[in-house]
Amino acid sequence: MDSFLYILALAGIKLGIVFTLVLLAAAALVYLERRIAGIIQDRLGPNRTGPFGLLQPFADVTKLLMKEDIVPEAANKKIHGIAPIITLGVAFVVYAVIPFGDYILINGEKIYMGLATAPDINIGILFILAMTSVGIYGITLAGWSSNNKYSLIGGLRSAAQMVSYEIAMGLALVGVVMLTGSFGLSDIVRHQDGWLWNIFTQPLGFIIFLTASFAEMNRTPFDLPEADAELVGGYNTEYSGMKFGMFFLAEYANMATSSAIIALVYLGGWTLPVPAETLGLEDGSVLLGLAQFVTFIVKIFAMTIFIIWVRWSIPRFRYDQLMHLGWKILLPLGLINLVLTAVGIKIFA
Amino acid sequence: MLTDFGIILLFLIISVLFVGAGLVTAALLRPSRPNPVKNSTYECGEHPWGGSWVRFNPRFYVIALVFLVFDVELVLLFPWAVVFKDLGWFAFLAMLVFFAVLVVGLAYDWAKGYLEWDKPSPQTPKLEDLVLPKKIFHKQQKDS
Amino acid sequence: MTLEIISFVVFALLAIASALLVITAKHPVVSAMSMIFHFFMLAGLYLTLSAQFIAVMQVMVYAGAIMVLVVFAIMLLNLGDEGKLRSGFNFRKLVAWFLGGALAVQIAVLLSNGALSNTAISEKASELGTAQVIGGELFTNYIYPIEIVGILLFAAIVGAIYMAKKNLPTEE
């Protein structure tokens, strides 16, 4: 049973499912963003392509595929082409450590609902942090290689902003790791079973992490790298056609990732609201796996809707305010949270 | 364990291939009609003024420096956090000392003003600065 | 076992190739990118040794933080192609050749002594590579070195700020 082919086949199936999920989520988010923006601004939003405009994202992709790809004469063409690949590749690879549920027993064999979420990989959170820090290069190189002033400023802003908030993000996560005693995302979720969500035990950490997530995603109120009022389009000013589409897709994939991580780390992940025994679901059964999966997806969507809501409600920060918030407010708060958590664990445990 | 990381690598390769496939499909479908004006650098419709590969504000560099130091401290905090529950009071106090040093470092940066970013100083126009002569201004006020 | 050897060979070859690209590439940004790739390959090598924590730290600190600094330096200074710089650093070349030669001799001596012949991975390796074990060791047996590292990092902050001070425009 443990043959190489079996492992490969299982990995292939999982890869296919996760990949489809990510793409579907990105498409759904593009649609949701436009509809919710429409509702918030008291207009309809896209509603002509297919029923309720549901086919809008696919129409968008077709349009982007047909668009001419314009690369400025002055740009560094090789790096200009590589940058979107880096951005999207990093946005995808984070999903490798995200568990979509616990495990399913098939023929007495545990199959974990995630690509690399088996218990012997217990660096899930660190992997995500490492990938976020590598994701900086995509946008920075895009901005630099375009040889456009707006792009350069956008790229540098993005990099400085992401590194500034990464420290606060990491500090918030340290608090959770202290409670759980593991970096594995599955372990963190299991630790929150029975409504012991980390949002209740780590409220300060949650706020820090949420704010930092917005900054890492480069979304409003921290969308300084692409602030259209001052930088035209920021790092993607000189991108068009499918290359722009890749950045666009990466933005929504990142949004889904961030929501998934927040749901996993602070909102109980795939733990069911009621114990599985009450529902009469066996441990390891396919139905229980499905129930966990649905719970997780619902939490992700709740989170993404919140993120979209924030984008259309809150104005943009100024860059000095952003740096002030990152270094002088969130970082000290993260340190305070850490000390409080440490003292709390020492006293109560 | 290695197989699990192999799956991550496989996933990375497949996603890069997917992106590549998307770009190639686009290359086959899209028109290509370049012209010098279209291919010039965008600068709000004006002729671009010089390149953008010039020396830039070193403040970004300072931020990256400070980040590097804090990142290393963060990396040391992680293995501590993961075994925190099993450690005694001694390790806890020792880590508090480590922590205090970190805070002093932050305070130093703060006090020296290296976490400061340039703030805009907006000038609110006053009545005296108005371009319109006062007489016309007051007349306008009266009329409206 | 075979999987480990195959992945070791692949990672090692790619690591050497990217390292060569770092020093031969004309453009500094290409050099920096191959260096990032090189750090990833090193992380892969750590994984073949079952050291998953070190592997992720490698990516996070080297590829994610140190290279940000390097990329910033390249982008903010914009020295342009290396070809434009004067290539008359003969003294540096001499030192580089000397150090490289010393390293080559060291490796040759180690190989001839058979010090590197025992390449079998210990059974315990996969346990030792986890963060739990590293943390347990660091904060019990190696607590004083950690404190010293803390002070060293503080010195690094102060030093970095002092070095950068010259470049910053003074306030008002």
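The values are calculated or read from the model by the stated rules, or taken from the named source; none is laboratory data. Because the structure is predicted, anything quoted here is derived from the model rather than measured. Here Cβ is always computed from backbone atoms with ideal geometry, including for glycine, and neighbour counts include all displayed protein chains.
Observations, loosely collected:
The rows are residues; the columns are (1) surrounded by fewer than 18 Cβ atoms within 10 Å (Cβ to Cβ); (2) more than 14 Å from chain C (Cβ to nearest Cβ); (3) of a type in the set (Asp, Glu).
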| residue | (1), (2), (3) |
| --- | --- |
| B:Val19 | no, yes, no |
| B:Leu28 | yes, yes, no |
| B:Pro36 | yes, yes, no |
| B:Ala81 | no, no, no |
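- Scanning the range A:215-238 for residues that are buried (at least 20 other Cβ atoms within 10 Å of the Cβ) and either at pLDDT 85 or above or in a helix (DSSP H, G or I) (or both) returns A:Ala215, A:Glu216, A:Met217, A:Leu224, A:Pro225, A:Glu226, A:Leu231, A:Gly234, A:Tyr235, A:Asn236.
- Summed over the range A:1-45, residues that are closer than 22 Å to A:Ser259 by Cβ, away from every other protein chain (no Cβ under 12 Å) and not small (Gly, Ala, Ser) total 12.
- Options C:Val30, C:Val70: the member that is out of contact with any strand residue (DSSP E or B) (no Cβ under 6 Å at 6 or more places or on another chain) and more than 30 Å from C:Gly135 (Cα to Cα): C:Val30
Table: residues versus (1) in contact with a helix residue (DSSP H, G or I) (Cβ under 8 Å, 6 or more places away or on another chain); (2) of a type outside the set (Lys, Arg); (3) buried (at least 20 other Cβ atoms within 10 Å of the Cβ); (4) without any contact (Cβ under 8 Å) to a residue 40 or more places away in the chain.
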| position | (1), (2), (3), (4) |
| --- | --- |
| B:Ser52 | yes, yes, yes, yes |
| B:Val66 | yes, yes, yes, no |
| B:Val69 | yes, yes, yes, yes |
| B:Val103 | yes, yes, no, yes |
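Listed here are the residues, each with its yes/no results for (1) buried (at least 22 other Cβ atoms within 10 Å of the Cβ); (2) over 19 Å from C:Ala65 (Cα atoms); (3) facing another protein chain (nearest Cβ under 7 Å).
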| position | (1), (2), (3) |
| --- | --- |
| A:His80 | no, yes, no |
| A:Ile85 | no, yes, yes |
| A:Ala91 | yes, no, no |
| A:Tyr95 | yes, yes, no |
| A:Ile106 | no, yes, no |
| A:Phe127 | yes, no, yes |
| A:Asn148 | yes, yes, yes |
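- Qualifying residue in the range A:189-203 (condition: closer than 25 Å to A:Val93 by Cβ and β-branched (Val, Ile, Thr)): yes
- Selection of helices (runs of 4 or more DSSP H) fully inside the range A:271-349 by the criterion of at least 3 residues being under 21 Å from the mean Cα position of the chain (by Cα), more than 26 Å from A:Gly194 (Cβ to Cβ) and modelled with pLDDT of 85 or more returns A:286-311.
- The residue that is surrounded by the most Cβ atoms within 10 Å (Cβ to Cβ), counting only those in the range A:298-319 that are farther than 15 Å from A:Asn254 by Cα and of a type in the set (A, V, I, L, M), is A:Val310.
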